[in-house]
1. From the Cα gyration tensor of the stretch 129-251, with a ≥ b ≥ c the square roots of its eigenvalues, which class applies: rounded if a/c is under 1.5, or else prolate if a/b is larger than b/c, or else oblate?
2. Kindly give the semi-axes, whole Å and largest first, of the ellipsoid equivalent to the stretch 179-218, taking each as the square root of 5 times a Cα gyration tensor eigenvalue.
3. Sequence-distant or interchain residues sharing an amide H contact under 5 Å with residue 152, placed H: which?
4. Around residue 388, with a cut-off of 14 angstrom between Cβ atoms, what is the net charge of the other residues, counting Lys and Arg +1 and Asp and Glu -1?
5. Using 1/(1 + (r/R0)^6) with R0 = 22 angstrom and r between the beta carbons of residue 394 and residue 356, what's the FRET efficiency to the nearest 0.05?
6. For the stretch 319-358, treating each Cα as an identical point scatterer without solvent, what Debye log10 I(q)/I(0) comes out at q = 0.23, 0.24 1/Å?
7. How far is it, in nm, from the label point at residue 408 to the one at residue 104 when both lie 7 Å from their Cα along the line to the Cβ?
8. Along each of its three principal axes, how wide is the spread of alpha-carbon positions in the stretch 59-217, in whole angstrom units, largest first?
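Bear in mind these aren't lab numbers, they're just calculated from the coordinates by the rules spelled out. Since this is a predicted model, take the numbers as computed values, not measurements. In this analysis, Cβ positions are derived from the backbone assuming ideal geometry, glycine residues included, and neighbour counts consider all displayed protein chains.
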Amino acid sequence: MYPLFTRVHAGHVWINNHLILTPGSLNITTQEVRIPIDLSEDTSTLSLKLKGFPGSFIKVSVYGEGSNQPPILNLTWSTDEPLEDEVVLFDAIASTDDDGFITEVHFDWGDNTSSTGFVAEHSWQVAGVYVVTVTVTDDDGAQTSVSIEFTVLPKPKPPSDGGGIFYVTKSDGLPVRTQLSTIAPIVDEDSEIVCYTWDFGTGKTLTLYPHETDSYASVDHFYQAGGSYAVSLTILDSTGLSTTTSKTIEIFDNQRPVAQITADRVSGPAPLTVQFDASQTLDEEGDPIRHRWRFGDNSPEVIGIDQAVVSHTYSTPGTYTLRYRARDDKMGRAEVFLKIIVSDQVQNTPPVPVLLTTPLLGEVSHIVQFDGRSSFDLDSSGELSFEWDFGDLSDPINYSSSPSPSYIYRYPGSYFGNLVVKDAQGLSSQQPFVVHVKQSQGDGQMDYAIERLVSDSLGIWVNTGIKTNTALIDSNNYHWFFDQTQYEKGRSPNYTFAGSGPHEVRGTGFDVL
């Protein structure tokens, strides 16, 4: 037997399942190996498993007296390491048989499929190592088989499309600045991105290289008119594969909303709960408004069409910037900011009294309606309590604790009252008031009587509380002269004369009206 190996760098040869040639025996470019064989059996099988370079072939010749020579396989193939789904061409037309002719060439592809023919094509769908066995049969039934190992490589994958195109308009009115990008980063598993090409749907395209943008292929484009635009992005990698993704976008010549917010408080001790109100935010075109609140303390933002009024609690002292954004359905946006100051000390402040009344001037039996319910406490430290002093010394029931009492002033005069408002912690503030009551008819009249002091034979006191006194006279507007030498001021003074005898008392009162 004379096997001839051309460009074969490794191989095994068996006769009747006996290994007679190992890989170590071959280190050749072209070599003829002579192997003496004792064909003692009626039928002998020659098996070869070879690995070579593209263009390799083998020629096997077996000589013996009176025996049929097996066919000679001469096989070529187009590639040793095809890709998945790549078609490999096998050619056995040059195979010969010295004492006859070849009747069949059979290919076992190593993937549970086979075919026959002098020329065959085959592809493998899954990467891996496959052993292809080629068997030639001559007209006397003699066969020669060769096994060839093929490594099928994974087919290169195109780049991802980034999940499709995302866009957002960044300006109101024309031209409309529009930011385009992909939803997710663009990746390529087995090669590198070469470039990104945007088609803006206006007849204009732009090619960006990786160093000119990010992994989202982000780009800004200015649209000069509103309308629908078919936008596409093509991503090309270093293997020549590309991916294209498309989206139709809508561009509007839009007016953005007018953002307006209020807060029920902007400072206070922690924890500070603030109610924010954006119900006055408006869109002149009548578009629905999507509200977005960022409270500035790393808490989750609040978003929604129904979130015009929200409440938030700041738990930690500090200065926070509230960010409010209004967006219409055409992507028009407006923002406002508000600073919130949260202190770390709770300091109680006195309440602020607010006094509302009906007129404080009237005639006898004048009814005054008092109202302190508008009083307030800046630090909201609890409910307020009220103490009223109506200034009427003639009435033993001259007080009230109602938030809005009424009182009847039955006699002429000036009444100096006072409202005290107290918070839950006991801090209080007061608001004085004066009520003037005059006689129902006629001019004012000041009458008084001189009465002796029981405790002092020379002492007297001036009684101005007699019923005929109708003048509206402040206490400080009573002036008294005793014997024209001594002076006293006040409503009902006491005075002690130096000795007996006739004495003169003269009084003067200034009407407050």
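1. prolate
2. Three semi-axes, in Å: 19, 12, 9.
3. HN-HN under 5 Å from residue 152: 128, 129, 130.
4. With Lys, Arg at +1 and Asp, Glu at -1, the neighbours total -3.
5. About 0.30, to the nearest 0.05.
6. The calculated log intensity ratios at q = 0.23, 0.24 Å⁻¹ are -0.86, -0.88.
7. Computed distance between label sites residue 408 and residue 104 equals 13.3 nm.
8. Dimensions of the stretch 59-217 along the principal axes of its Cα atoms: 99, 28, 25 Å.
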